[in-house]
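Structure record follows, encoded as structure tokens.
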Amino acid sequence: MLKEYVHKEMKNRQQNVKLDSVSFRIDIELRERESSIEREVRRSRDRDRHTVQRDRESSVEREARLSQLQDRYRAERERIFNRA
């Protein structure tokens, strides 16, 4: 249990570091400047890329990905509701 907690804490720290990185801020600035057409092209390209990735994954990989998403959403909900 402690090992899982420490692992999740490290993941959260890593995500926070990513949010504070220079490249992340540059991405945000570029997205703020893009037109609606450029935004739709980027989103379409991302959707296509994710579709290809999901089509390649095995059922075990899919289960792991979905489980990870559920854990992330659950942790986020707990963080939000525990703050209130």
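At-a-glance table
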read-out: Label-point separation, ARG45 to ARG83 (7 Å along Cα→Cβ), nm; value: 3.2 nm
read-out: Extension gain from ARG31 to VAL60, taking 0.36 nm per residue of separation minus the Cα-Cα distance; value: 7.0 nm
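No value in this document is a laboratory result; all are computed from the given coordinates. A quick note: this is a predicted structure, and the numbers were derived from the prediction, not measured. So basically every Cβ, Gly included, is an ideal-geometry build from the backbone, and we count neighbours across all protein chains shown.
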